[in-house]
Amino acid sequence: MNKILIVDDSSTMRKIIMRVLRQAGLHVEEFLEAGNGAEGLKSLMESPDVELVLSDINMPQMDGVAFVQAVRSKLSAEQLPMIMISTESGNSKVQSALDSGANGYVSKPFTPDTIRAALEPYFG
Amino acid sequence: MQRWSRTLASPRQCETGGSPPAIPSFEELLKALEESVADVLNGVLIEFESIEEFRDSGHPSASGDGDGGDIGVAVRFDGLFEGFVALRCYAGAAEYIARTLLFMEPEDEVSPEDVEDALGESANLVCGTLKCRTLDPVDTFSMGVPERVATKGSGGDDAQMAFQLPKGIMTVELWLQDGVCPKGESE
């Protein structure tokens, strides 16, 4: 995969996600990073060739649910897959994100195996 | 000035209008915290063992001599309650967490920033998991960014639970603002 956008307000978590993808054997040419949904939207406007978005749910300014809603007003789930990554497992916000058009959900913390299982389908 | 305590205000002290959210007891919160820590450690494949009755274990960090370890971080939260979760670690345990959580290779050098970042993210994960378990029944929860907290001279005796990791001990504390009531209610 050429380009993935990682949206998380924790720079450490963004670093962890990049490393776990490598450990999971999921090759990515370039990572883009954003600290919240608003920054994520800006990144997508500047880089329309992003192929997959991994996003946290709880973030300042624009959370993951609002981010998914904003993206889905322009791009379908087939055009740009979005996977939520959060500790919110079982929470109403996860359901809201899925109802808004997120393609899937991965619970934090995660292992290379769980990441591989969730993301492999998008790596063709 | 904020006052922090280790117990909850009785719900009876709150003049509640309407139906207040279910309020867990402090013991229930501690149990949920212990389960949250276990979830996070299991989730990142860190082997651990809970140290039962830590305060009576005779471990130096439980002796009340004020030695809380080598590094400590805390994450503040605000929702049904206002408070913070603190993790304190000895250097070996902190480096082990950093290596594991950051997926570092054996030949990678662990920097002090890596250690602080990893422990901070661990506190984030624990607090986030605790939130899902018990702290957010009214969906108003917010969390701060991890902050460095004092360790030596600040009280290993404050630890409510401790976990033996492969390279040392990690202790965990839960503090709540004194006299706290459910949000939207007045004392």
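The values are calculated or read from the model by the stated rules, or taken from the named source; none is laboratory data. Every value quoted in this text rests on a predicted model; they were computed, and no experiment measured them. Cβ coordinates were reconstructed from backbone atoms using ideal geometry, including for glycine residues, and neighbour counts include every protein chain displayed.
Here the range A:5-34 is the region considered, the condition is being closer than 23 Å to B:Val115 by Cα and touching a Lys or Arg at 6+ places or on another chain (Cβ under 6 Å), and the residue that is surrounded by the most Cβ atoms within 10 Å (Cβ to Cβ) is A:Asp8. Residues in the range B:117-143 that are more than 7 Å from chain A (Cβ to nearest Cβ), at pLDDT 85 or above and in contact with a Pro (Cβ under 8 Å, 6 or more places away or on another chain): B:Leu119, B:Ala123. Within the range A:88-98, can one find any residue that is closer than 23 Å to B:Val145 by Cβ, over 12 Å from the mean Cα position of the chain (by Cα) and of a type in the set (Lys, Arg)? Taking every residue of the range A:88-98 in turn, at least one turns out to be closer than 23 Å to B:Val145 by Cβ, over 12 Å from the mean Cα position of the chain (by Cα) and of a type in the set (Lys, Arg). So A:Glu33 passes all but one of these: (1) assigned to a loop (DSSP other than H, G, I, E, B); (2) over 23 Å from B:Val40 (Cα atoms); (3) of a type in the set (D, E, K, R). Which condition number does it fail? Failed condition: (1).
Which ones in the range B:100-114 are within 11 Å of chain A (Cβ to nearest Cβ) and either in contact with a strand residue (DSSP E or B) (Cβ under 9 Å, 6 or more places away or on another chain) or surrounded by 18 or more Cβ atoms within 10 Å (Cβ to Cβ) (or both)? Once the filter is applied, which keeps residues that are within 11 Å of chain A (Cβ to nearest Cβ) and either in contact with a strand residue (DSSP E or B) (Cβ under 9 Å, 6 or more places away or on another chain) or surrounded by 18 or more Cβ atoms within 10 Å (Cβ to Cβ) (or both), the range B:100-114 yields B:Thr100, B:Leu101, B:Leu102, B:Phe103, B:Asp114. For the range A:94-124, the set of residues classified as touching a residue at least 24 places away in the same chain (Cβ under 8 Å), of a type outside the set (Phe, Trp, Tyr), within 8 Å of another protein chain (Cβ to nearest Cβ) and under 20 Å from B:Leu130 (Cβ atoms) consists of A:Lys108 only. Within the range A:42-65, does at least one residue satisfy the condition of being assigned to a strand (DSSP E or B) and within 14 Å of another protein chain (Cβ to nearest Cβ)? Within the range A:42-65 (the criterion being assigned to a strand (DSSP E or B) and within 14 Å of another protein chain (Cβ to nearest Cβ)), the answer is no, since none of the residues qualifies.
Say we look at the range A:35-54 and pick out the residues that are within 14 Å of the chain's Cα centre (by Cα) and touching a residue at least 40 places away in the same chain (Cβ under 8 Å); which of these is surrounded by the most Cβ atoms within 10 Å (Cβ to Cβ)? In this case the residue turns out to be A:Val53.
What number of residues within the range A:69-92 are touching a strand residue (DSSP E or B) at 6+ places or on another chain (Cβ under 6 Å) and either more than 14 Å from every other protein chain (Cβ to nearest Cβ) or among the small types (Gly, Ala, Ser) (or both)?
Start the filter on the range A:69-92 by keeping residues that are touching a strand residue (DSSP E or B) at 6+ places or on another chain (Cβ under 6 Å), which leaves A:81-85, A:89.
The next check asks that each one be either more than 14 Å from every other protein chain (Cβ to nearest Cβ) or among the small types (Gly, Ala, Ser) (or both); those that pass are A:81-83, A:89.
Of the residues in the range A:69-92, 4 are touching a strand residue (DSSP E or B) at 6+ places or on another chain (Cβ under 6 Å) and either more than 14 Å from every other protein chain (Cβ to nearest Cβ) or among the small types (Gly, Ala, Ser) (or both).
Whether any residue in the range A:28-39 is under 26 Å from B:Lys131 (Cα atoms), modelled with pLDDT of 90 or more and within 14 Å of chain B (Cβ to nearest Cβ) is what I want to check. So far as the range A:28-39 goes, yes, one or more of its residues are under 26 Å from B:Lys131 (Cα atoms), modelled with pLDDT of 90 or more and within 14 Å of chain B (Cβ to nearest Cβ).
On the given criteria, is A:Ala97 part of a helix (DSSP H, G or I) and crowded, with 19+ Cβ neighbours inside 10 Å? Spelling it out, A:Ala97 is indeed part of a helix (DSSP H, G or I) and crowded, with 19+ Cβ neighbours inside 10 Å. Sub-8 Å Cβ pairs linking a first residue in the range A:1-28 that is in a loop (DSSP other than H, G, I, E, B) to a second residue that is of a type in the set (Phe, Trp, Tyr) and modelled with pLDDT under 95, at least 6 apart or interchain, are A:Met1/A:Tyr122; A:Met1/A:Phe123; A:Leu26/A:Phe123; A:His27/A:Phe123, ordered by first then second residue.
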